[in-house]
Structures are given as structure tokens and as C-alpha cells.
Amino acid sequence: MSSAIGIQDLATNENFNASPIADVATSVASTWRSVVRTWLVQDSPYIAMLLLPLFGVTFHMPATFWVILTPVFGVICVTAGWRHFDREQDRLQLAYTQALSWFALIFTIYVLYNNVVQGVLNSSATSLAMMTLLALGTFVAGLQSRVWRICAVGGILLLAVPAMGWLEQSALLIAIVIIALIAVSFLTWWVSHRQWGGARQA
């Protein structure tokens, strides 16, 4: 009888000791899910700005794709930069400047897809030219809106232009590069998030 009671007490102690470990593991998993979810919500516009032009170049998308993509970039830039300006006049100037810049890019798209120009450039060259213009416009828009992530997207897209030409649009290598860039973006956000959280606690 005493032996059975001892075995039962031992099992109870093991369950008691294992319970805190399980709680910690559950808490860590929940924290990581929350961190990843927050990162995706905050940085999803910049990830989209990175992936969509690469998609357009890889699949030789027509002019309509780039015409739709350009104002989307403009809206993201204005929305992200809006909070960096306190005065209403500065915010309106940001929106006005961004609108003019992106409308100029739309006009350039129509020029590049003109029949005369298309007779000189093939679809691959036109797509790469579009990505180059979009990268330059994104970088300048990031400077105007004071958002370093948008500048980073523009820089990455600009570097991807010769890289995609060198890789000859290898789907596997492009996928690896995209995954690596997203991972670096997440790590950068996580480090800055931890530093900001530590500063607030201090």
C-alpha cells in the first residue's frame, strides 16, 4: 500500500516539475507567433513592394501591371511617411510631391511600351528597364517620405536588376534571394523592436 502511494507521489511530482517547462515552451511559442504576426502586419507593404516588381520582371508582365503597381507604391510611400511630418502643410506637400513623381513614372511606362520603343527593346529589356525606373522612384520616394525601409526596398530592387540579368531569371536562385532578403528584413525589425522595447523599459 505504501509502495503504491510512493509511486503515485512520484508521478505527481514529475507532472508538477514538467508543468512549468511546458508552460514556458507554450509561452515562448506564443511570443514568437505574436512577434512574427506583428512583423508581417507592419512590414507587409514593404515586402509587397519587394516581391511584386520581381514577379513582374520574371513573368514579363504587360504595361497594365506596371501602371497599376505604380500608384500602389505611391500610396504606400505617402501612408508610411505621413506620420513623420507634424504640420498639415508638410503632409500635403508630401502627398503632392509623391503624386507628381509617380504620375511622371506612369508617363514613362507609356513611353517605354510605345510601339516604336518596343520595336527596339524586347520584353525582357523592357521589364528590366521598368524595374530600374521603379527602383529609382522608390528610393527617391523613401528619401522624401523619410522612411528608411522604402529606401532599402529601392536599393534592393536596383541591385536586383543586374542580378536578374546575370541569373537569366533562374526561378530557384531568385526564390532563394527573396527568402534571404525577407529573413534579413525580419531580423532587422526584430533587433530594432527589442532595442525599442528595452529603451522603453529603461
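The values are calculated or read from the model by the stated rules, or taken from the named source; none is laboratory data. As the structure is a computational prediction, the values presented were derived from the model and not from experiment. All Cβ positions, glycine included, derive from the backbone under ideal geometry; neighbour counts span all protein chains shown. Heads up: the accessible areas ignore ligands, DNA and RNA and are worked out on the full protein's heavy atoms, side chains in. Shrake-Rupley method; radii C 1.70, N 1.55, O 1.52, S 1.80 Å.
How would 68, 106 line up by accessible area, probe 1.4 Å, largest first?
Result, largest first: 68, 106.
Note on residue 91 and residue 163: the model spin-label points, each 7 Å out from Cα along the C-beta direction, lie 3.6 nm apart. Distance between the C-alpha centres of the range 60-102 and the range 116-156: 14 Å, rounded to the whole angstrom. Restricting the trypsin sites (Lys or Arg not before Pro) of the range 53-104 to loop positions (DSSP other than H, G, I, E, B) with no more than 11 neighbouring Cβ atoms within 10 Å leaves 83, 87.
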